[in-house]
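Working notes for the structure below.
Just so you know, all these numbers are worked out from the coordinates, no wet-lab data involved. Not measured: the values here are computed from a predicted model. Reconstructed Cβ throughout: ideal geometry from the backbone, glycine too, with neighbour counts over all protein chains shown.
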Amino acid sequence: MKTIVEKIDREQLDSGAVQTAGRILRQGGLVAFPTETVYGLGADALDEDAAKKIYAAKGRPSDNPLIVHIARMEDLPKIAARIPEAARRLADAFWPGPLTMVFEKTDAVPYGTTGGLDTVAVRMPGDEAARAVIAAGGGCIAAPSANISGRPSPTKAAHVKADMEGKADMILDGGDVPIGVESTILDMTGTPPVLLRPGAVTKEMLGAVIGEVAEDPTLARPDGALRPKAPGMKYRHYAPKAELFIVDGDPHKVIQKINALARQKRQEGGQAGILATDETASRYPEGIVKSVGPRRDEAVVASRLFAVLREFDEEKVDVIYSEAFGTDGIGRAVMNRLLKAAGYRRLQA
Ligand code: TXA
Ligand code: MG
């Protein structure tokens, strides 16, 4: 397949590339487009055959449901059968934005979109260009992250091209995304609502609007022993090609431990990659050292994480050691993705 690649003109969202994208989507094709979290691979969510193409392009397991993206509140009742009052309040507070809510689905949503579930995940993205594409495509667009299944989510158009050229009908290049980790997922089908995936909208922010919010137990015990409620959360994800280990503990000891491990790797004839921060990068004398940004600003770390994981794939590294990150604010989302990328391999310094 020949993939059309076009830049988005953010000054003219009602014409050109966005119109072409809308036409492709309405005809059942695949269009990758930027959102404020990561790039998505879109298809008409109400067309089962179109949604199926997403699974084929990504190599995604068919039990892993897709998030349906909308651009207007009027489209929500078409796909969500019951919209609790708390969901309306959250939509007022955080939509458009990086929050996905899970509802009971209507018959309009095919099981091919929801991975066989009776529920549907819905999000209204904050990126205006994304909403223009969704509206042009008919209003309900299924869009998982636009990466090959298992690889880091794409935060730059180049990542999307690397994974989806020849597989999607069109790739819209909207530059680098601002947030860099996928949306927060909240299950609204029970009381209290349950946090399934941490993201830029934190549990505290949700709690401030609706009161009690529960958590999927696998978030606190992310070792694969429990089965997460968001089916996609059980797969190894975001993984760079080299094995990744997270080194946790007292910051000074973490540096010492990573240096010892990197030295050992060299003595064995290999080379280590080190995922560091601006504050610590100069303290690693060997290995391939990459900073994900300043530790004191975890939003920057979030925005760079997946790109740095992909960069390591371009380097000759046999193993990657990463510093650990925070457990609150967006740091929680960073650590959640990093743990998955590491297959939960964690070393104590
Ligand atoms: O930020 C985002 O959410 C990005 C952009 C493109 O919008 N999309 C995204 O989609 O991250 P994806 O497919 O990579 O991740 C969707 C996650 C998976 O873990 C999936 O299992 C979960 O959402 N999910 C989807 N529908 C669900 C449902 N009905 N119940 C529970 N989890 C669901
Ligand atoms: Mg994904």
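Annotations
- Whether the stretch 113-175 is rounded, prolate or oblate, judged on the alpha carbon gyration tensor where a/c under 1.5 counts as rounded: oblate
- Top positive-direction residue, dipole computed over the chain with Cβ charges, set Ser15, Pro192, Ala132: Pro192
- Sorted by Cβ density within 10 Å, fewest first, the residues His237, His69, His252: His252, His237, His69
- Here is how the number arises for the chain: DSSP H runs of 4 or more residues each give -39500 (n - 2.57), the sum is divided by the residue count, and the result at 222 nm is -9000 deg cm²/dmol.
- DSSP assigns beta bridges within the chain; of those with both partners inside it, close to 35 percent run antiparallel.
- Order by protection proxy (mean Cβ within 10 Å, highest first), peptides 29-38, 329-338, 307-316: 29-38, 329-338, 307-316
- Normalised alpha carbon radius of gyration of the stretch 1-83 [divisor 2.2 N^0.38 Å]: 1.17
- Dipole check for the stretch 42-174: with +1 at the C-beta of Lys and Arg, -1 at the C-beta of Asp and Glu, and the Cα centre as origin, the magnitude is about 320 Debye.
- 0 to 90° range, to nearest 10: angle between helix 251-267 axis and the chain longest Cα axis: 80 degrees
- Rounded Å value of the spacing that divides the Cα centres of the stretch 67-95 and the stretch 1-61: 22 Å
- Debye log10 I(q)/I(0) for the stretch 112-259, one point scatterer per Cα, at q = 0.21 Å⁻¹: -1.54
- Signed unit charges on C-beta, dipole axis of the stretch 16-139, positive-most listed residue Pro110, Ile67, Leu41: Leu41
- Of Lys7/Lys105; Lys265/Lys316; Lys52/Lys340, pairs whose Cα-Cα distance is over 23 Å: Lys7/Lys105; Lys52/Lys340
- Were the residues from Gln12 through Met205 laid out at 0.36 nm apart, the gain over their Cα-Cα distance would be 66.1 nm.
- Just so you know, the Rg over Rh for the chain is 0.98, from Cα atoms, with Rh as the Kirkwood radius.
- Protection proxy ranking, highest mean first, for peptides 170-179, 95-104: 95-104, 170-179, where packing is the per-residue count of other beta-carbon atoms within 10 Å, averaged.
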